[in-house]
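Trainee: This structure is in structure tokens; I'll ask about it shortly.
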Amino acid sequence: MFALSIEKKRELRVFLRILANTLGAVGLVAVLASCGDYPGYNYTVGGTVSGMVGSGMVLQNNGGDDLSISANSSFSFAMQLTDGAAYSVTVKTQPTNPSQTCTVSNGSATVNGARVVSVVVNCVTGPTSVAVDPSGKFAYATNTNGTISAYTINQTTGALTAGTAVAAGTYPTSVIVDPSGKFAYVIDTIGGTIYAYTIDQTTGALTAGTAVATGTYPTSITVDPSGKFAYVSNMGANTISAYQINSDGTLTDLGTAATGNFPTSVVTVLVGSLEFAYATNSFDGTISVYQINSDGTLATETAVTAGTYPTSVTVDPLGKFAYATNESSNNISVYQINSDGTLTAGTAVATGTYPTSVVTVLVGSLEFAYVTNSGDGTISVYTIDQTSGALTVGTAVAAGTYPSSITVDPFGRFAYVANMGGGNILVYKINSDGTLTPQ
């Protein structure tokens, strides 16, 4: 930096005076407004975004001035406001791929003589799926922050006591425990990876094992009833990956089978001495049917029609019926499972808004089905006709904000819901008539 002589300083002052006179009042206002911090003029409105994993979020201020957000960062709307003007920041479009629920704090007030930087947009780090081990002692939940939580289950109330969470990739969306209760497997949708864990039989704690690659954008994992094979639906690759489960819990790749378009869920069932697999194809509105060969590979049989955008499929505990949630048609498809594994469609039944997950349970001699409805935050309750598989609608119960997954303990005592928007696991007691009581 060079020093100015007294003469040069005098010349500079004169120049600035002339410049100010030339600009006039209008020019001066424009210059000061561009600074964004001058009392009485214009100011930007903004803040910070945290917890965002998906993409495509759009914010609005005062019902307009759309601002696209692509990652966690500070943000500022393009349109500036005058001192004393009101602002109201809202989420116009929630993130997708994967879906998240983001909320705004400090979003509404008036400009007070300075830039607004205090708006906070937080995308909840919530659970995406939940599973219970075969002993009914432990539960596991995948979280949007890239972890899997471990819980001990109170055998009287069903309440969960958190243990130590462990890393599970970037965005884990599905967890399953094998029938032996020794191993847990987690799908990382963004990373395209299966994470394997050994379960401590006393505490339920997880020890990470060897991770393996799977297809593009995997969304669901299941283990066959024998506990010998695992299957993953890869919605980005339109395939199902098959794996052999080794004695130490590691996975050996057995290849892939083609699905329909955008498979989102897969389940297996034992019918007599044969095993079959079913996969929902969301973009096709179908369910692919496979016979599981003795070596664990899949032989394609046929496909059946489901509703609009089927997202989840399950079978009843007796292996007689299959059910698929249809997110866009707001109903659940009903099927009878034939002796050759094929599916015969029954009458679909209405659900709540945007059904995402379905589970069935045997309570005494009765069977029930539960469906999480992410759009209206409820669980639909159904009684299963054990002859036809038809569903009779019962009383729905509240289930937080954006419930994404539901499971039950193996003894039909408790139901657990991954309340993705609320960032917690909801616990319900299953009554003898199939109704649910929040715990």
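Trainee: Within the stretch 366-386, does at least one residue satisfy the condition of being in the same structural domain as SER329 (by TED's automatic domain parsing), at pLDDT 95 or above, among the β-branched types (Val, Ile, Thr) and over 29 Å from LEU343 (Cα atoms)?
Mentor: no
Trainee: Related question: Got at least one residue in the stretch 130-139 being acidic (Asp, Glu) and part of a strand (DSSP E or B)?
Mentor: no
Trainee: Is at least one residue of the stretch 74-91 closer than 30 Å to PRO218 by Cα and either part of a loop (DSSP other than H, G, I, E, B) or at pLDDT below 95 (or both)?
Mentor: no
Trainee: For the stretch 91-123, what are the residues that are β-branched (Val, Ile, Thr) and more than 17 Å from GLY47 (Cα to Cα)?
Mentor: Once the filter is applied, which keeps residues that are β-branched (Val, Ile, Thr) and more than 17 Å from GLY47 (Cα to Cα), the stretch 91-123 yields THR93, THR96, THR101.
Trainee: Continuing with this model, one more query. Within the stretch 319-330, identify whether any single residue is crowded, with 17+ Cβ neighbours inside 10 Å, farther than 28 Å from ALA242 by Cβ and in the same structural domain as PRO410 (by TED's automatic domain parsing), and answer yes or no.
Mentor: For the stretch 319-330, residues crowded, with 17+ Cβ neighbours inside 10 Å, farther than 28 Å from ALA242 by Cβ and in the same structural domain as PRO410 (by TED's automatic domain parsing): present.
Trainee: State all residues of the stretch 288-302 that are β-branched (Val, Ile, Thr) and modelled with pLDDT of 95 or more; if no residue qualifies, say none.
Mentor: Listed by number, the residues that qualify are VAL289, ILE292, THR297.
Trainee: OK, next. Do we have any residue at all in the stretch 295-303 that's β-branched (Val, Ile, Thr), in contact with a Ser or Thr (Cβ under 6 Å, 6 or more places away or on another chain) and touching a residue at least 24 places away in the same chain (Cβ under 8 Å)?
Mentor: No: zero hits.
Trainee: Next up: Evaluate the following for GLY346: is it modelled with pLDDT under 95, more than 26 Å from PRO179 (Cα to Cα), surrounded by fewer than 23 Cβ atoms within 10 Å (Cβ to Cβ) and of a type in the set (Gly, Ala, Ser)?
Mentor: no
Trainee: Of the residues VAL371, VAL381, which is of a type outside the set (S, T, N, Q), touching a Pro at 6+ places or on another chain (Cβ under 6 Å) and surrounded by 16 or more Cβ atoms within 10 Å (Cβ to Cβ)?
Mentor: It is VAL371.
Trainee: Tell me, which strands (runs of 3 or more DSSP E) lie completely within the stretch 265-316 with 1 or more residues that are in contact with a Leu (Cβ under 9 Å, 6 or more places away or on another chain) and of a type in the set (A, V, I, L, M)?
Mentor: Hits in the stretch 265-316: 274-281, 286-292, 298-305.
Trainee: Going through SER265, SER273 one at a time, which residue ends up being in the same structural domain as SER374 (by TED's automatic domain parsing), buried (at least 19 other Cβ atoms within 10 Å of the Cβ) and not aromatic (Phe, Trp, Tyr)?
Mentor: SER265
Trainee: Residue under question is THR101, and the condition is that it be assigned by TED's automatic domain parsing to the domain that holds GLN60, touching a Pro at 6+ places or on another chain (Cβ under 9 Å), on the phi < 0 side of the Ramachandran plot and among the polar types (S, T, N, Q); does it hold?
Mentor: yes
Trainee: Just need a number here: residues in the stretch 237-264 that are part of a strand (DSSP E or B) and over 29 Å from SER329 (Cα atoms).
Mentor: Here the count works out to 10.
Trainee: Which of the residues spanning the stretch 390-427 are crowded, with 23+ Cβ neighbours inside 10 Å, outside any strand (DSSP E or B) and at pLDDT 95 or above?
Mentor: Within the stretch 390-427, ALA399 is the sole residue that qualifies.
Trainee: Residues in the stretch 240-259 that are surrounded by fewer than 18 Cβ atoms within 10 Å (Cβ to Cβ), at negative phi and among the small types (Gly, Ala, Ser): how many?
Mentor: Number satisfying all stated conditions: 2.
Residue-wise test of (1) within 15 Å of TYR171 (Cβ to Cβ); (2) not hydroxyl-bearing (Ser, Thr, Tyr).
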residue	(1), (2)
GLY51	yes, yes
ASP83	no, yes
SER105	no, no
SER108	no, no
VAL121	no, yes
LYS137	no, yes
ASN143	yes, yes
THR147	yes, no
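Trainee: Name every residue in the stretch 48-78 that is surrounded by 14 or more Cβ atoms within 10 Å (Cβ to Cβ), more than 30 Å from ALA418 (Cβ to Cβ) and out of contact with any Phe, Trp or Tyr (no Cβ under 9 Å at 6 or more places or on another chain), in order of residue number.
Mentor: The one that is surrounded by 14 or more Cβ atoms within 10 Å (Cβ to Cβ), more than 30 Å from ALA418 (Cβ to Cβ) and out of contact with any Phe, Trp or Tyr (no Cβ under 9 Å at 6 or more places or on another chain): SER76.
Trainee: Can you find a residue in the stretch 323-331 that is over 19 Å from SER174 (Cβ atoms) and of a type outside the set (S, T, N, Q)?
Mentor: no
Trainee: Looking only at the stretch 94-110, count every residue that is at pLDDT 95 or above and either surrounded by 20 or more Cβ atoms within 10 Å (Cβ to Cβ) or touching a Gly at 6+ places or on another chain (Cβ under 9 Å) (or both) and tell me the total.
Mentor: Result for the stretch 94-110: 2.
The values are calculated or read from the model by the stated rules, or taken from the named source; none is laboratory data. This one's a predicted model, so the numbers in the text were calculated from it and none came from an experiment. Note that each Cβ is placed from the backbone with ideal geometry, even for glycine, and that neighbours are counted across all protein chains shown.
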